[in-house]
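*Asks:* Take this structure first; my questions come after.
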Amino acid sequence: MSWDDEHSGRVGKILGWNSHFRGGIARNGDLVEWFEDRFPNLKANPNPNVFLVPAANGYTELHSMLASVVPESILKQKGIVKRNADFWLIPHLFGFGPQDDPAEEAPCPSDLAQRHTQRIADAGNYAVAASSAFEEFIWKKIARDHRCKSEFFAPQSPLRLLAGDIRFWMSRLYSIAIGRADSFPVVRSRESYWRPLKELTRSIREQIPKKEWPNFRVRRPLMGGTLWDPNDEGECEDVIEEMLSGGEVMESLDPVLDVLQSHRTHEDFSDRYSWIKEDFERSFHRKRNKVRVTLLETIDNLPAWSAEEPSANGEVLFRDFLSFFDRRDRHLIVAVRQGKTLTEIASEVGHKGHAAISRRLAVVKNKLRALMQE
């Protein structure tokens, strides 16, 4: 990024795009064409309410937004402080690097360029430190146990990957910010130049397809305000809780975290010894040691039958047919051959009625009929 006229023009267009995110397809046509020429994916995106996040050496205003909810103690370890983030996501680099002294004479162009280069470098370092600080902090929230340190888990384990997915957390935090901004009161004015809402609604509908009318609601601008106080730890905790629970704008992460906590595998743990790895191994092998013995009735332990039946060919054919069925169906076939009623079979497998057994038996009969015809 360079602070020239062209850059200032780009900043103005990005500001115009992001500040009118509620407009969707009703944005300024020239602005939409300008961005679609440079970002063709915007045309194919089904959601017109897309935000553009410019970056300078990897730094974005979302890095400052993430750092704003991290405790000061963690940020201090990373060598950074909290900064006020721009809601419209235009990177402000003048808070980085050497600061201009109002009392000094205007610096020469080479000094300005050097300062700008240093600011960009410092902004990139801030982005790395802020990402690391947030990952360390959010780990304590999703691990749900203060004894579970991140180094106990492999870098590619789901929990570690989730904690380190900074773009994912940026998206959730910015969604929370938008939700809070939408709760600000509507601007009230009695100025004569304010057109009635009905007239504004009619004007908007003239510019968009009729099928899109239900997707738009015209309202007055909202007042500004503070989304959260970065210096209030309690308020920052509330923001983090909303990021995890989804607040009223997203789905909760609790079901995902429940699965990741309860379905661990050997690959989830690092080579380092830990109590949680030992607990997992103990639990895993205890379950493996609990061997369940299932008794399967076969023709070898059936009661006697008539000697007139051709036992040789019949039993070989019967065994061949059994091989086409799974264990559950083999139980059913043998039970029927023993002369048990459907009610008795249903009672043995724990069903209150025999309807399910009847349906399963019909499937088995159809399969047997198909086998006999081959």
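The values are calculated or read from the model by the stated rules, or taken from the named source; none is laboratory data. Quick caveat, the model's predicted, so the values are computed rather than measured. Note that each Cβ is placed from the backbone with ideal geometry, even for glycine, and that neighbours are counted across all protein chains shown.
*Asks:* Determine whether the stretch 149-158 contains at least one residue that is assigned by TED's automatic domain parsing to the domain that holds V50, hydroxyl-bearing (S, T, Y) and under 25 Å from S262 (Cβ atoms).
*Replies:* yes
*Asks:* Working only within the stretch 202-243, note down all residues that are assigned to a loop (DSSP other than H, G, I, E, B) and either farther than 30 Å from S64 by Cα or without any contact (Cβ under 8 Å) to a residue 12 or more places away in the chain (or both). Let's see the steps before the verdict.
*Replies:* Taking the stretch 202-243 first, the residues assigned to a loop (DSSP other than H, G, I, E, B) are 206-209, 216-221, 223-232.
Correct list: E206, Q207, I208, P209, F216, R217, V218, R219, T226, D229, D232.
*Asks:* Let me ask you something else. Say we look at the stretch 247-263 and pick out the residues that are in a loop (DSSP other than H, G, I, E, B) and without any contact (Cβ under 8 Å) to a residue 12 or more places away in the chain; which of these is surrounded by the most Cβ atoms within 10 Å (Cβ to Cβ)?
*Replies:* Out of the qualifying residues, it is S252.
*Asks:* Residues that are farther than 28 Å from S64 by Cα and modelled with pLDDT under 90: does the stretch 163-186 have at least one?
*Replies:* Checked against the condition, which is being farther than 28 Å from S64 by Cα and modelled with pLDDT under 90, the stretch 163-186 yields no hits at all.
*Asks:* Moving on. Among the residues of the stretch 129-146, are any assigned to a helix (DSSP H, G or I), touching a His at 6+ places or on another chain (Cβ under 7 Å) and farther than 18 Å from A55 by Cβ?
*Replies:* Scanning the stretch 129-146, I find at least one residue that is assigned to a helix (DSSP H, G or I), touching a His at 6+ places or on another chain (Cβ under 7 Å) and farther than 18 Å from A55 by Cβ, so the answer is yes.
*Asks:* Here's a follow-up. Report, by residue number, each residue of the stretch 64-73 that is buried (at least 18 other Cβ atoms within 10 Å of the Cβ) and farther than 15 Å from E235 by Cα.
*Replies:* Of all residues in the stretch 64-73, those buried (at least 18 other Cβ atoms within 10 Å of the Cβ) come to 64-70.
Answer for the stretch 64-73, where residues must be buried (at least 18 other Cβ atoms within 10 Å of the Cβ) and farther than 15 Å from E235 by Cα: just S64.
*Asks:* So which helices (runs of 4 or more DSSP H) are wholly in the stretch 309-363 and hold at least 2 residues that are modelled with pLDDT of 75 or more?
*Replies:* Those helices (runs of 4 or more DSSP H) span 327-337, 342-348.
*Asks:* Determine whether L159 is more than 20 Å from P54 (Cβ to Cβ), in contact with a helix residue (DSSP H, G or I) (Cβ under 7 Å, 6 or more places away or on another chain) and assigned to a helix (DSSP H, G or I).
*Replies:* yes
*Asks:* Based on what the data block shows, is S274 in the same structural domain as L161 (by TED's automatic domain parsing), of a type in the set (G, A, S), under 18 Å from A163 (Cβ atoms) and modelled with pLDDT under 80?
*Replies:* yes
*Asks:* Another question about this same structure. Residue under question is E61, and the condition is that it be under 27 Å from the mean Cα position of the chain (by Cα), assigned by TED's automatic domain parsing to the domain that holds H20, crowded, with 19+ Cβ neighbours inside 10 Å and among the acidic types (D, E); does it hold?
*Replies:* yes
*Asks:* Hey, could you check the stretch 150-201 for residues that are touching a residue at least 40 places away in the same chain (Cβ under 8 Å) and of a type in the set (D, E) and say which is nearest to K140 (Cα to Cα)?
*Replies:* Out of the qualifying residues, it is E151.
*Asks:* How many residues are assigned to a loop (DSSP other than H, G, I, E, B) and modelled with pLDDT of 85 or more when one looks only at the stretch 34-82?
*Replies:* 16
*Asks:* Next question, about the same structure. Can you name every residue in the stretch 248-284 that is within 14 Å of the chain's Cα centre (by Cα) and over 17 Å from W139 (Cα atoms)?
*Replies:* Scanning the stretch 248-284 gives V249, M250, E251.
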